[in-house]
1. Out of SER315, SER370, report the one residue that is more than 16 Å from ligand 1 (Cβ to nearest atom) and either open to solvent by 40 Å² or more (accessible area, probe 1.4 Å) or outside the structural domain of LEU274 (by TED's automatic domain parsing) (or both).
2. Among the residues of segment 318-334 satisfying the criterion of being of a type outside the set (A, V, I, L, M) and more than 16 Å from ligand 1 (Cβ to nearest atom), which is surrounded by the most Cβ atoms within 10 Å (Cβ to Cβ)?
3. Do you know which residues across segment 227-241 are within 14 Å of ligand 3 (Cβ to nearest atom), open to solvent by 10 Å² or more (accessible area, probe 1.4 Å) and in contact with a strand residue (DSSP E or B) (Cβ under 9 Å, 6 or more places away or on another chain)?
4. Got a sec? Which of GLY346, GLY279 is free of Cβ contacts under 8 Å to residues at least 24 places away in the same chain, open to solvent by 30 Å² or more (accessible area, probe 1.4 Å) and away from ligand 3 (no atom under 16 Å from the Cβ)?
5. Scanning segment 213-226 for residues that are in contact (Cβ under 8 Å) with a residue 24 or more places away in the chain and open to solvent by 10 Å² or more (accessible area, probe 1.4 Å), which turns out nearest to ligand 2 (Cβ to nearest atom)?
6. Find all pairs meeting these conditions: Cβ atoms under 6 angstrom apart; at least six residues apart or on different chains; first residue within segment 240-258 and in the same structural domain as ASN211 (by TED's automatic domain parsing); second residue modelled with pLDDT under 95.
7. Select, from SER296, SER337, SER282, the only residue that is within 16 Å of ligand 2 (Cβ to nearest atom) and more than 19 Å from SER188 (Cβ to Cβ).
8. Filter segment 373-392 for residues that are touching a residue at least 24 places away in the same chain (Cβ under 8 Å) and either within 16 Å of ligand 1 (Cβ to nearest atom) or part of a loop (DSSP other than H, G, I, E, B) (or both) and give the result.
Amino acid sequence: MKILVINCGSSSIKYQLFDMTDESVLATGLVEKIGTESAMIKHEVPGAEEKVLISEILDHRVGMKKVLDLLMDKEEGVIQSADEVAAVGHRVVHGGEFFSRSVVIDSQVRQAIRQTIDLAPLHNPPNLLGIDAAQAQLPHATHVAVFDTAFHQTMPDYAYMYALPRILYQKYKVRRYGFHGTSHKYVSQRAAEFLGKPLADLKIISCHIGNGASITAVQGGKSVDTSMGMTPLEGLMMGTRSGDIDPAIVPFVIAKEELTIGEVSSMMNKHSGLLGVSGISSDMREVTEAMFDGNSQAKLAIDMYIYKIKKVIGSYVAAMDGLDVLLFTAGVGENASLIRERVCEGLSFFGIEIDKEENAIRKKEERRISTPASKVEVLVIPTNEELMIARETKELV
Ligand SMILES: Nc1ncnc2c1ncn2[C@@H]1O[C@H](COP(=O)(O)OP(=O)(O)O)[C@@H](O)[C@H]1O
Ligand SMILES: CC(=O)OP(=O)(O)O
Ligand SMILES: [Mg+2]
């Protein structure tokens, strides 16, 4: 069975085609700058050279058509007809309170995703465009929505409610939802398998530290708390997002700088975090380099970044009254040994002790970086959100 996985942004389509008989990847790619005359498609088939095409792609529908043309290309294609794609798994960022698991998309589901646009104005509209475009090109396939928020629907009310007037929850569903659920679910399952222990017996803290970053407390396989909130802005300091700040800063800045609400929102989402504090970049590699070159703002940015991760880990040990596994995943979590080492430093009170040499080795595989004496297993688990979406989709076909 062949399954296409799609992750649609406002001007991009990321895709991956799987053969689910052995979960192998047949093709993967990215359409960028949709809406322009010079949109770019990067298309890769394992074992072959990457193809880069530049052409006019004015909307997602045209983008999807071009992707299918590449997949079905007479000479270099990996499928012969669109009918070979049995199902399409769509990443949908916000499922509100409607969805606690993946679902086959029908008109009611579509309607519910639309109703959630208010909660995720940046993410859900392009996700819907992707669904429409794929349904138009692949009308015979089963289309499945896999939500970032679904895994976190198990959080207890005292973890997901804000201490605001109750009316805001009743009228608008203002509450914490959490994101990256597909990733947190995947890596916690992998961690249990790696250790050969039942997930049901484990208390796990999953650190998904990429450009967007969140930490989840997973107890018995269920999310019991997570650092992102109603939107992916809450929680950790990220590449360009501020994470937690005193909310009183918002009206203060609006008044002082005469900014609009939209401008302040853009400031906190796109110009803060590592980028805002370092003044250099949102990319951890570049900020780290600048720190080693003696840049004090870069050093401060990294000190803050690490300190916040530590504080969230500490609070989740309290939330679960214990900890068996601390795991790192995503771009920074999988690659930045320095960040892992410094996060784990000073967590000895919890019995966390890592093997610095093992931690420093660079390899893209699941592994343990704690010492045999460590009371907590510390793991690096590469995430694979696309594969997880393909698996969830397969289950519903
Ligand atoms: N070798 C590395 N060392 C430090 N950071 C890295 C390394 N490789 C990738 N990263 C970081 O990972 C981040 C991207 O993570 P990723 O999970 O791919 O992000 P997203 O999917 O949210 O866009 C980048 O900011 C980059 O700095
Ligand atoms: C929800 C979210 O933060 O996603 P990403 O990491 O893709 O930005
Ligand atoms: Mg990501």
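The values are calculated or read from the model by the stated rules, or taken from the named source; none is laboratory data. On a predicted model such as this, the values are computed, not experimentally measured, just so you know. Cβ: placed from backbone, ideal geometry, glycine included. Neighbour counts: every protein chain shown. Calculation scope for accessible area: heavy atoms of the full protein, side chains included, ligands and nucleic acids excluded. Shrake-Rupley method; radii C 1.70, N 1.55, O 1.52, S 1.80 Å.
1. SER315
2. Filtering first and then ranking leaves ASP324.
3. PRO232, ARG241
4. Going through GLY346, GLY279 in turn, the sole match is GLY279.
5. Checking each candidate, the answer is ASP225.
6. Note: pairs meeting the criteria are THR240/LYS270; ARG241/ASN269.
7. Sole residue among the options that is within 16 Å of ligand 2 (Cβ to nearest atom) and more than 19 Å from SER188 (Cβ to Cβ): SER282.
8. LYS375, VAL376, VAL380, ILE381, PRO382, THR383, ASN384, GLU385, GLU386, LEU387, MET388, ILE389
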